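Student: Sharing a structure here in structure tokens format.
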Amino acid sequence: IKSFNEAEKIEDVETMGKLVVSIGYAYTQSCKYDKLIDISLRITRLLKKTGKEADFFETPVIVYSYALGLYGMALAMQGDFKKGKMFSTEGLNHAVKYGDKRTMAFNELQHAGVVLSAWRTEFCS
């Protein structure tokens, strides 16, 4: 995360883009949803600012789509299902727009996490 933070200081979107997938995975697996929200917001804002919403940054997915999906999933895991679904859907729609099957698969998985979290809360509590 230190490299991610340093890259952000100089708006090195390429380095941030390369790192966010692995950092996002680590935060997801360790249930650190507040940190996941933080990095997802930071990278999506910078990608939008620099016009690099379609870039892969040497990762297997379109980073902007992936980060939106992470953000939505993390929000849902913290109980904000409405906002989580909105951002998850935005990430999935972005992935579909570019037609990259791997990115779409990741975003579908993230979106399923949002829906399942909402369902579990509503019906299993």
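The values are calculated or read from the model by the stated rules, or taken from the named source; none is laboratory data. No experiment lies behind these values; they were computed from the predicted model shown. No Cβ is skipped: glycine too gets one built from the backbone with ideal geometry, and neighbour counts run over all protein chains shown. To get the accessible areas, we keep the full protein, side chains included, count just its heavy atoms, and leave off ligands, DNA and RNA. Shrake-Rupley method; radii C 1.70, N 1.55, O 1.52, S 1.80 Å.
Student: Residue check: is E14 touching a residue at least 40 places away in the same chain (Cβ under 8 Å), open to solvent by 70 Å² or more (accessible area, probe 1.4 Å) and among the charged types (D, E, K, R)?
Tutor: Values: touching a residue at least 40 places away in the same chain (Cβ under 8 Å): yes; open to solvent by 70 Å² or more (accessible area, probe 1.4 Å): yes; among the charged types (D, E, K, R): yes.
In short, yes.
Student: Okay, next question. Filter segment 53-77 down to the residues that are surrounded by 24 or more Cβ atoms within 10 Å (Cβ to Cβ) and part of a loop (DSSP other than H, G, I, E, B) and list them by number.
Tutor: I62 - this is the single residue of segment 53-77 that is surrounded by 24 or more Cβ atoms within 10 Å (Cβ to Cβ) and part of a loop (DSSP other than H, G, I, E, B).
Student: Find the residue count for segment 1-51, including only residues that are under 19 Å from A76 (Cα atoms) and not in a helix (DSSP H, G or I).
Tutor: Within segment 1-51, residues that are under 19 Å from A76 (Cα atoms) and not in a helix (DSSP H, G or I) number 3.
Student: Let me ask you something else. Quick check on segment 83-125: of everything there that is part of a helix (DSSP H, G or I), polar (S, T, N, Q) and at pLDDT below 90, which residue is surrounded by the fewest Cβ atoms within 10 Å (Cβ to Cβ)? Spell out how you get there, then give the answer.
Tutor: As a first pass, look at segment 83-125 and keep what is part of a helix (DSSP H, G or I): 83-98, 101-123.
In the following step, the residues that additionally are polar (S, T, N, Q) were identified as 88-89, 93, 103, 107, 110, 117, 121.
Keeping just the survivors that are at pLDDT below 90 gives 117, 121.
Values: S117: 20, T121: 12.
Across segment 83-125, the extreme among qualifying residues is T121.
Student: Here is a follow-up. When residues of segment 33-55 are filtered for being charged (D, E, K, R) and closer than 16 Å to S117 by Cβ, how many remain? Quick ask: steps written out before the conclusion?
Tutor: The initial filter retains those residues of segment 33-55 that are charged (D, E, K, R), namely 34-35, 38, 42, 45, 48-49, 52-53, 55.
So of that shortlist, the ones also closer than 16 Å to S117 by Cβ come out as 34.
Number satisfying all stated conditions: 1.
Student: Under 7 Å between Cβ atoms, which residue pairs at least 6 apart in sequence (or on different chains) link something in segment 49-75 that is on the phi > 0 side of the Ramachandran plot and of a type in the set (A, V, I, L, M, F, W, C) with a partner that is buried (at least 24 other Cβ atoms within 10 Å of the Cβ) and modelled with pLDDT of 95 or more?
Tutor: The qualifying pairs are F57/G17; F57/V63.
Student: Hey, could you check segment 17-52 for residues that are open to solvent by less than 30 Å² (accessible area, probe 1.4 Å) and small (G, A, S) and say which is nearest to the chain's Cα centre (by Cα)?
Tutor: Filtering segment 17-52 for residues that are open to solvent by less than 30 Å² (accessible area, probe 1.4 Å) and small (G, A, S), the one nearest to the chain's Cα centre (by Cα) comes out as S40.
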